[in-house]
Amino acid sequence: KQEVTQIPAALSVPEGENLVLNCSFTDSAIYNLQWFRQDPGKGLTSLLLIQSSQREQTSGRLNASLDKSSGRSTLYIAASQPGDSATYLCAADSGTYKYIFGTGTRLKVLA
Amino acid sequence: DTGVSQDPRHKITKRGQNVTFRCDPISEHNRLYWYRQTLGQGPEFLTYFQNEAQLEKSRLLSDRFSAERPKGSFSTLEIQRTEQGDSAMYLCASSFDYPFGGSGDRNRRNTIYFGEGSWLTVV
């Protein structure tokens, strides 16, 4: 059974700092891993999807990496801004199209 | 592409009443998902459809819950005899099932897109 863990649960950083959010999964036989952003009371916005055959994906200031052998994915945010403040969720799909989510990391970027 | 739409956005109902939520997926997407999210938790899978066929249901989806996707377009999620424990945000998502051997941006096509969610409060 796939389980997804995100550490830390909350993070507060000053504006401009580079930061890394961590995601661990127990079943390395994943098909896709996707990172999302969620603002309070809102739905989820897809940030990046990494397929099992890929090692990383980049979009603007975001870079997501995937290491299946160690069961880890990281989301790197460069030059953080107050507008990046949100909860970041990772989700793993083991090929069944049932994405299993972590509980998220609540990020606050201080101006 | 107008995104995934959900209606209503908020619903307050008395315990024991029935409620129905509607989801309109992105037009070309053939897969549709329902998730439930409570405060401080990640979304939990409830069910998904491939076109009009409901392919999987979570054990979280008790007999009081029913989902349909007639004609493979919009979907409804009905909760009968609501209980206070049903209070949550119900999220709908859609994706395009990437066919084996097909071409195009595989990452974009396998991405799931969520709606803004429907908040349910049972009092």
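The values are calculated or read from the model by the stated rules, or taken from the named source; none is laboratory data. In this text, all values refer to a predicted model and were calculated from it rather than measured experimentally. In this analysis, Cβ positions are derived from the backbone assuming ideal geometry, glycine residues included, and neighbour counts consider all displayed protein chains. Note: accessible area is taken over every heavy atom of the protein model, side chains too, but ligands, DNA and RNA are not part of it. Shrake-Rupley method; radii C 1.70, N 1.55, O 1.52, S 1.80 Å.
Which residue out of B:Ser5, B:Ser58, B:Ser73, B:Ser62 is under 22 Å from A:Thr45 (Cα atoms), over 12 Å from the mean Cα position of the chain (by Cα) and open to solvent by 20 Å² or more (accessible area, probe 1.4 Å)?
B:Ser73
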query: Within the stretch B:9-44, how many residues turn out to be modelled with pLDDT of 95 or more, open to solvent by 90 Å² or more (accessible area, probe 1.4 Å) and closer than 23 Å to A:Phe36 by Cα?
result: 2
- prompt: Which residue pairs have Cβ atoms closer than 7 Å, lie 6 or more positions apart in sequence or on different chains, and pair a first residue in the stretch B:2-13 that is within 12 Å of B:Thr121 (Cα to Cα) with a second residue that is of a type in the set (Val, Ile, Thr) and assigned to a strand (DSSP E or B)?
  reply: B:Lys11/B:Val19; B:Ile12/B:Thr121; B:Thr13/B:Val19; B:Thr13/B:Val122
query: Is there a residue in the stretch A:48-64 that is β-branched (Val, Ile, Thr), in contact (Cβ under 8 Å) with a residue 12 or more places away in the chain and either more than 11 Å from chain B (Cβ to nearest Cβ) or over 24 Å from B:Leu46 (Cβ atoms) (or both)?
result: yes
field: Filter result (under 16 Å from A:Ser53 (Cα atoms), open to solvent by 10 Å² or more (accessible area, probe 1.4 Å) and not hydroxyl-bearing (Ser, Thr, Tyr)) within the stretch A:89-105
entry: A:Gly95
query: Only one residue in A:Leu11, A:Leu75 is open to solvent by less than 40 Å² (accessible area, probe 1.4 Å) and not β-branched (Val, Ile, Thr). Which one?
result: A:Leu75
field: Every pair of residues 6+ apart whose Cβ atoms lie under 9 Å, when the first sits in the stretch A:69-80 and is under 18 Å from A:Arg37 (Cα atoms) and modelled with pLDDT of 95 or more while the second is of a type in the set (Val, Ile, Thr) and surrounded by 18 or more Cβ atoms within 10 Å (Cβ to Cβ)
entry: A:Ser73/A:Ile50; A:Leu75/A:Thr105; A:Ile77/A:Val109; A:Ser80/A:Val109
